[in-house]
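The values are calculated or read from the model by the stated rules, or taken from the named source; none is laboratory data. Since we're looking at a predicted model, the values are computed, not measured. Ideal geometry is used to build each Cβ from the backbone, glycine not excepted, and the neighbour counts take in all protein chains shown. We work out accessible area using only protein heavy atoms, side chains counted, and drop any ligands, DNA or RNA first. Shrake-Rupley method; radii C 1.70, N 1.55, O 1.52, S 1.80 Å.
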Amino acid sequence: MYQPTLVAEKDIMEALELVQDPEISTVSVVDLGMIEGVEIHDSHVSITMLPTFLGCPALEIIKKNVVEQIQSVAGVEAVEVLFKTAPPWTSDRITEKGQKGLKAFGIAPPPKHFTEDGSWHVDCPYCGSTYVTLDNIFGPTACRSILYCKSCKNPFEAMKPISNLM
Amino acid sequence: MSTNAVEMTPAHKEALAELLFQLADDDFLLSYRGSEWLGLAPHIEEDVASSSISQDTMGHAKMYFGLLEELGYGKIDDLAHGRSAKERKNSILVERENGAGYYMETPRYDWAYAVVRNYFYTLAKKVKIDSLKKTTYQPLAEVATKVSMELFYHHIHWRTWFTQLLSSSDEAKERMNKAIEGVMADFGDVFSYGNASQSFKEFALIEDATVLKQRWEAALEEVVKALHIESPIIQQPDRNGRLGEHTEELDRALSTLSEVYRLNPSVPW
Ligand SMILES: [Zn+2]
């Protein structure tokens, strides 16, 4: 008799680790904290994801990449990806591995603290200097800001802090 | 008490949809006006910043249209692009053109007007979003919580421009004051719910418009006081966008922004 292969959550998570941010090849959607839930019913897999920013144009690409990756897992017949806004994605969801991945790409991980007026500080991802200035809170993508390191004279980007306090 | 779409009466659902159309149309039109500034902002950093803000704002409109789609009011694309001016519930303020000229030809847009419109609108949006975090419709409360996090940066951005230009040269101050006057003339329906005030209250969708208006005035007063200028006064509008009363500027915007959509409405894009 035909026995369907059991789909293990571990295999799904491993597959998700392979789905990169379309613009930052060193971090996965898991590292970014975008995965909120995985449900497996026999051969059907349903993934709940949290958008980093609501107007992020990469969401559709990410969704497509997740579907393709999960479909390649043995035993999976159908994949569904749902975006939810609750709980809201916050920048503290980025894992330690994700923070390392961002740095490797020249992007400072989001700061853990910011003051009431919205100012915050990160160190240069290249040389570690704290002698940096904020050039533009709005960067090339919704989730990033542009900074400049006065020590090594490199422009760099940082992930914007996004928090429940905002 | 929170509610979901299933247990809603028709009157309740209608009130909710009315609110969602007001919110969606406001963000949608302002985002469109913002996108017309692309490549024209005073400097490259500002071009990056304001286009990022417009992109976020379009994302917010999409969320509200998405909630309307869930309630059975049609597809997001049709709601955004397929509705006539008469069906639009946005305030007059957001439909106004950026200045003289057409952006494909020789636009002579007014940056002072952009700063004042965006700052005053963003502050009003912040007041509304704070109230919507406590709305009885849970999916909307969730969207408001997320929008609030992005709005935090928009608000700081426009407040910075506003205070800096008003602390700058005499010419800048003069142009800013003129812009404040223009924005105030159109601000009357920003804090209006059209004919829906009673039903919004009945279903506890959002606080009273008068209360929100007072909060907006109080927040703005603190900022203008430090700049030694008088508190702007909202003028009575001669038309109310929430009732579908609009200007020709909205007609022109709709005909431009829905051009691609109208070629073939059945194609998603
Ligand atoms: Zn450095």
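The figure for A:Tyr126 is an accessible area of roughly 130 square angstrom, using a 1.4 Å probe on the protein chains alone. A dipole drawn for region B:9-263 from +1 and -1 charges on Cβ atoms has a positive end, and of B:Gly244, B:Leu257, B:Thr9 the residue lying farthest that way is B:Thr9. Restricting the chymotrypsin sites (Phe, Trp or Tyr not before Pro) of region B:65-118 to loop positions (DSSP other than H, G, I, E, B) with no more than 16 neighbouring Cβ atoms within 10 Å leaves B:Tyr73, B:Tyr102.
Using a 1.4 angstrom probe, figure out how much accessible area chain B has per residue, in square angstrom, rounded to the nearest whole.
Details: 12380 Å² over 269 residues.
Using a 1.4 Å probe on heavy atoms only, each residue of chain B averages 46 Å².
Angle between the Cα long axis of helix A:59-71 and the longest principal axis of chain A, 0 to 90 degrees, nearest 10? Computed tilt is about 40 degrees.
Indicate, rounded to the nearest 5 percent, the antiparallel portion of the DSSP beta bridges found entirely in chain A.
The answer is about 70 percent antiparallel.
Backbone phi angles across region B:202-212, fed through the Karplus curve with coefficients 6.51, -1.76 and 1.60 (θ = phi - 60°), yield HN-Hα couplings of 4, 9, 6, 7, 7, 5, 3, 4, 5, 4, 5 Hz in residue order; Gly and Pro are listed as x.
What accessible area, summed over both chains, is buried at the A-B interface (1.4 Å probe, Å², nearest 100)?
About 2100 Å² of accessible surface is lost on pairing.
Charging the Cβ of each Asp and Glu at -1 and of each Lys and Arg at +1, and nothing else, the dipole of region B:37-132 about its Cα centre rounds to 420 debye.
For region B:103-258, a crude dipole built from +1 on the beta carbon of Lys and Arg and -1 on the beta carbon of Asp and Glu, taken about the Cα centre, is about 500 debye to the nearest 20. Apolar share of the accessible surface for the protein assembly as shown: 52 percent from carbon plus sulfur atoms, 1.4 Å probe. For chain B, the alpha-carbon coordinates run over 58, 44, 34 Å along the three principal axes, in decreasing order.
Within chain A, which is the longest segment containing none of the GluC sites (Glu not before Pro) that sit in a DSSP loop and have at most 14 other Cβ atoms within 10 Å? By the stated rule (loop sites, at most 14 other Cβ atoms within 10 Å), A:24-76. May I ask you to list the trypsin sites (Lys or Arg not before Pro) in region B:138-195 that are in a DSSP loop and have at most 14 other Cβ atoms within 10 Å of their Cβ? Answer in residue order: no site qualifies. Using a Gaussian network model of chain A in which every pair of alpha carbons under 10 angstrom is joined by a spring, one finds that among A:Pro140, A:Pro110, A:Pro155 the greatest mean-square fluctuation is at A:Pro140. For the protein assembly as shown, the alpha carbon convex hull comes to 169 Å³ per residue, rounded to a whole number.
Based on Cα contacts under 8 Å between residues 6+ apart, chain A shows a relative contact order of 19 percent. By the compact-protein rule of thumb, 2.2 N^0.38 Å, the alpha-carbon radius of gyration of chain A corresponds to a ratio of 1.18. The value of relative contact order for region A:106-159, using C-alpha pairs under 8 Å at least six residues apart, is 34 percent.
Taken residue by residue and averaged, Cβ atoms of other chains lying within 10 Å of the Cβ of A:43-55 number 3.
For region B:35-118, the C-alpha radius of gyration divided by 2.2 N^0.38 Å, with N the number of residues, is 1.27. Close amide H pairs (under 5 Å, H built 1.01 Å from N) link A:Met49 with A:Glu36, A:Leu82, A:Phe83, A:Lys84, residues at least 5 positions away or on another chain. Shown are B:Asp26, B:Asp170, whose ranking by accessible area with a 1.4 Å probe and every protein chain present, most to least, is B:Asp170, B:Asp26. For region A:84-132, trypsin sites (Lys or Arg not before Pro) meeting the loop criterion (DSSP other than H, G, I, E, B) and having at most 12 other Cβ atoms within 10 Å: A:Lys112. Spin-label pair A:Asp92-A:Thr130: with each label point 7 Å from Cα along the Cα-Cβ axis, the two points sit 2.1 nm from one another.
Counting Cβ atoms of other protein chains within 10 Å of each Cβ in B:44-53 and taking the mean gives 4. Only DSSP H runs of four or more residues enter the estimate; each adds -39500 (n - 2.57), and after division by the residues of the protein assembly as shown the mean residue ellipticity at 222 nm equals -15000 deg cm²/dmol. Converting phi to 3J(HN,Hα) with the Karplus coefficients 6.51, -1.76 and 1.60 and the offset θ = phi - 60°, region B:182-192 yields x, 5, 5, 4, 9, 8, x, 9, 4, 9, 10 Hz in sequence order, with x at every glycine or proline. Amide H to amide H, with H built 1.01 Å from N, A:Arg144 comes under 5 Å of A:Gly139, A:Lys160, counting only residues 5 or more places away or on other chains. Computed log10 I(q)/I(0) for region A:9-83 at 0.11, 0.20, 0.28 Å⁻¹: -0.23, -0.78, -1.51, from the Debye equation with unit scatterers placed on every C-alpha and solvent omitted. For region A:118-140, accessible area lost to neighbouring protein chains reaches 50 Å² or more, against the chain alone with a 1.4 Å probe, at A:Asn136, A:Phe138. For the protein assembly as shown, a crude dipole built from +1 on the beta carbon of Lys and Arg and -1 on the beta carbon of Asp and Glu, taken about the Cα centre, is about 560 debye to the nearest 20.
In region A:26-117, a dipole from Cβ-located charges (positive for Lys and Arg, negative for Asp and Glu) runs towards its positive end, and of A:Ala58, A:Pro111, A:His44 it is A:Pro111 whose Cα lies farthest in that direction.
Given Cα pairs under 8 Å that are at least 6 residues apart, what percent is the relative contact order of chain B? Once divided by the residue count of chain B, the mean separation gives 25 percent. Remark on region A:106-159: Rg and Dmax equal 10.3, 29 Å (Cα only).
Peptides A:45-54, B:243-252, B:38-47 ranked from most to least packed by the mean count of surrounding Cβ atoms within 10 Å: A:45-54, B:243-252, B:38-47.
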